[in-house]
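A.B. asks: Got a structure here, written out as structure tokens. Questions coming.
The values are calculated or read from the model by the stated rules, or taken from the named source; none is laboratory data. Note that the structure is a prediction, hence the values are computed from the model and not measured. Here the Cβ is made from the backbone with ideal geometry for all residues, glycine too, and neighbour counts use every protein chain on show.
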Amino acid sequence: MLRRIPITNGTDWHQDGAFLGADIRVVNLWVTLSDCGVDAAGLDVIAKRFPNVLETGTQGAQFNWSVGPGLVDSMQPPVKIQTPVFRAGDAMMFDQFCLHRTGIRPGMTKERYAIESWMFAPSAFPMDQFPLFV
């Protein structure tokens with residue numbers, strides 16, 4: 001999926017497993033096509049391993065599949081947010097339980113372009129998705 005993220009885009013914490021399915025067995029290869037994290041939106045990632053999909057749609061969540069900021073703020077021990085700076089062509093891989101969001105900060109002036117490629121285990125491929133074989 002090719003994504004263009006304008007600087008006016010909203011952001012919310014989420015796990016891909018919340019909308020793809022908790023039992024999906026997927027890895028997301030996220031590749032930025034433009035520099036991001038300074039002048040353009042990057043990614044914020046919670047530096048903690050979660051074994052399941054967290055509660056969604058509550059504590060200030062914007063969507064029924066997203067994790068509210070109140071839930072993130074109440075985690076014990078407190079979680080650390082990582083905000084990498086990416087150059088065009090940099091990539092990040094994460095599974096369906098990685099808690100992340102688009103990292104938009106005041107003062108960002110450029111749009112971000114990135115490609116998301118979800119790689120599914122054959123036994124867990126979601127039937128409502130269209131496969132692309134290369």
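A.B. asks: State which residue is modelled with the lowest pLDDT when the search covers only the range 101-128 and only residues that are under 14 Å from the mean Cα position of the chain (by Cα) and among the β-branched types (Val, Ile, Thr).
C.D. replies: That would be Ile104.
A.B. asks: Sticking with this one: Report yes if some residue within the range 80-93 is modelled with pLDDT of 95 or more and among the aromatic types (Phe, Trp, Tyr); otherwise report no.
C.D. replies: Yes; the residues of the range 80-93 include at least one that is modelled with pLDDT of 95 or more and among the aromatic types (Phe, Trp, Tyr).
A.B. asks: In the range 4-29, what residues are more than 26 Å from Thr58 (Cβ to Cβ), surrounded by 15 or more Cβ atoms within 10 Å (Cβ to Cβ) and within 12 Å of the chain's Cα centre (by Cα)?
C.D. replies: Correct list: Val27 only.
A.B. asks: Select from the range 38-76 the residues that are of a type outside the set (Asp, Glu), assigned to a loop (DSSP other than H, G, I, E, B) and touching a Lys or Arg at 6+ places or on another chain (Cβ under 9 Å) and list them in ascending order.
C.D. replies: Hits for the range 38-76 are Val38, Ala41, Ala47, Lys48, Met75.
A.B. asks: Collect the residues in the range 75-85 that are surrounded by 11 or more Cβ atoms within 10 Å (Cβ to Cβ) and farther than 27 Å from Ser34 by Cβ, keeping them in residue-number order. Spell out the reasoning first.
C.D. replies: Within the range 75-85, the subset surrounded by 11 or more Cβ atoms within 10 Å (Cβ to Cβ) is 75, 79, 81-85.
Those that are surrounded by 11 or more Cβ atoms within 10 Å (Cβ to Cβ) and farther than 27 Å from Ser34 by Cβ: Met75, Val79.
A.B. asks: Still on this structure: So which of Leu54, Leu99 is surrounded by 15 or more Cβ atoms within 10 Å (Cβ to Cβ) and in contact with a Phe, Trp or Tyr (Cβ under 8 Å, 6 or more places away or on another chain)?
C.D. replies: Being surrounded by 15 or more Cβ atoms within 10 Å (Cβ to Cβ) and in contact with a Phe, Trp or Tyr (Cβ under 8 Å, 6 or more places away or on another chain) holds for just one of Leu54, Leu99, which is Leu99.
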